[in-house]
Each structure stands twice: as C-alpha cells, then as structure tokens.
1. Report the residue count in region 117-138 for those that are within 16 Å of SER96 (Cα to Cα) and touching a Ser or Thr at 6+ places or on another chain (Cβ under 9 Å).
2. Any residue at all in region 48-55 that is more than 22 Å from SER110 (Cα to Cα), buried (at least 19 other Cβ atoms within 10 Å of the Cβ) and under 19 Å from the mean Cα position of the chain (by Cα)?
3. Go through region 28-44 and report how many residues are surrounded by 18 or more Cβ atoms within 10 Å (Cβ to Cβ) and among the acidic types (Asp, Glu).
4. All but one of (1) assigned to a helix (DSSP H, G or I); (2) within 14 Å of the chain's Cα centre (by Cα) hold for ILE22; which doesn't?
5. From GLY63, GLY48, grab the single residue that is at pLDDT below 85 and assigned to a helix (DSSP H, G or I).
6. For the condition modelled with pLDDT under 95, outside any helix (DSSP H, G or I) and out of contact with any Ser or Thr (no Cβ under 6 Å at 6 or more places or on another chain), what is the one hit in GLU187, GLU193?
7. Within the set of pairs 6 or more residues apart or between chains, which connect a residue that is under 18 Å from PRO160 (Cβ atoms) and at pLDDT below 95 inside region 74-96 to a residue that is among the charged types (D, E, K, R) and buried (at least 18 other Cβ atoms within 10 Å of the Cβ) with Cβ atoms less than 6 Å apart?
8. Taking the condition of being closer than 19 Å to GLN92 by Cα, of a type in the set (Asp, Glu) and without any contact (Cβ under 8 Å) to a residue 40 or more places away in the chain, how many residues in region 27-56 meet it?
Amino acid sequence: MNIDLRKYLQQNHNQLIWKEKIQITAEIIDALSKIHNENAIHRDLHSGNILSKSGRVFISDLGFCGPANKPLKSIYGNLPYIAPEVIIGKEQTFKSDVYSIAMLMWEISSGQPPFYNYEHDYDLAMNIVNGIRPKIVPGTPLEYKNLMKQCWDANPSKRPDIFTLGDKMREINYFNQTKSSELSQLEENNNFEMENYTSNSKLFTSKLHQFDNFPEPRNATEEEQEAFHSNKSYNFHIPDNSNDFNKSNSKKNSTSKINSLFKSN
C-alpha cells in the first residue's frame, strides 16, 4: 500500500532514528537524480508526492514535469517548497528542485512540514524571498545540516546539483553507519520545541501563486532568522501594492514539546 512521506512522518517519526532519516533522504535524492538525468525538472516537489512502497521511495505527481529547456510560465506549487527565485517569477531550473530537496530534508529531520504554522500567503512568500528558512532541529548531524543549508541558499548557483548532492549524501550515510552509536546518543538526549499541527489538505497542497514586485532573493542574517523564529516583530521592505494581498500571518497558539531525535527500536 502506498503512503506519502507526509503521512509516513506523521505516523512514524517518533520511531525514526537518524540512520533511517538519512536513508529516506538519500532515496529521495536518488529518485530525483533519475528525473534530472532525463533532462527534466519536476517543478513541484513536496512531501505529499513522495511515495513509499515496499520500503522504497518514489516521486509521483509528474504532471508539471517537463523538458528543462521549456520552463513553464505559471508559478505552481506548495509555497514553502518553492525556491525564492521562482517566487519572484524566474524560471524553474534543476536548482529550484534542489531547493525543494532542502525543505524535504528539514521535514524529515523535524517530522513537520516547513512553515506548517503559517498561512501560505504573501507574507510567507516575502519572508522566503528575504532568506527566512525553517529553524534547524537541535541535534541534526553537522554534515546533514550544512548540506541542507547549501541546498536552500538564496543563490541557485551556490546550491549543489542533484548528482553532487547524491555523492555527498552517500558520504553522510557512510559516516552515519560508522558513527551510529554516537548519533543514537544524540537522538536520546535532544528535544525540540515544536507547535502542534494537524494535517490540512487545503493548506498542504499545491496551487497557483501570483506575486508581484518582490525584491531579489537574499540570505537572511542570523539575527533576522532568530528574530523571526523568536516570534519577534521584524518587518522586511514591503512594496507599495502590498495591500492587495492577504497579509494574515497568524500562528497557532497551542504548543507542545515533542521529541525530534528518537531512540532506536
């Protein structure tokens, strides 16, 4: 029976150890490399179209997958997974798929969809363009964290291609195998504050987006990231026509502590 990655993480994240998280990530990268090897771009990668069947990972929902030299005009996708350069209207590329991989890497590490507690609206799009990324889960292996940050860099040219990414993930996987006892100790000793979320099919599905007059994408400073994730007021430059957009950026109030790093079965 098929199950998508989002549902799989909801049901199993409490039992997953880093060895398994890294293996899932490696299989997703391998599946995308097959698409890129055919000179095609997926264009809509998110955890709802990553399927698991018989212990293997597959990428589905290829309706927007097409030749790399024929980019689509529409901005279509699940907003937290869309690369910032695509949000401002630039063409989708192999590197925009790699950005989506970074969001999947974070989701696998945390068990939650990226920006799950924010409306998929103009405010979130502006924050993404201005370099805001999900808060890295404490205890994430250093090499995994560094690779994830490379993949979500605001500059597409600084992101690795999928084949380099695959090579690096295999190195991380090998390191994980040889240092499994150390990682298990990390998993036992680290907790992460996360807000509750319930699966909302309307919020977590792909749709058409239209945003105008956005600045060029950039990377946020550490201070800006901290301000955002500390729920402090932080205002980026908003274009004059911003009133045309829905600017609700409400967060759910109920919070609970969940384990982000887990004991081995």
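1. Going through region 117-138 one residue at a time, the tally reaches 1.
2. For region 48-55, residues more than 22 Å from SER110 (Cα to Cα), buried (at least 19 other Cβ atoms within 10 Å of the Cβ) and under 19 Å from the mean Cα position of the chain (by Cα): absent.
3. Here the count works out to 1.
4. It fails just one condition, (2).
5. Numbers: GLY48 fails: at pLDDT below 85.
Matching residue, one of GLY63, GLY48: GLY63.
6. Numbers: GLU187 fails: outside any helix (DSSP H, G or I).
The unique qualifying residue is GLU193.
7. GLN92/ARG43
8. Summing the residues that are closer than 19 Å to GLN92 by Cα, of a type in the set (Asp, Glu) and without any contact (Cβ under 8 Å) to a residue 40 or more places away in the chain in region 27-56 gives 1.
The values are calculated or read from the model by the stated rules, or taken from the named source; none is laboratory data. On a predicted model such as this, the values are computed, not experimentally measured, just so you know. Cβ sites come from the backbone with ideal geometry, for glycine too, and all protein chains shown count toward neighbours.
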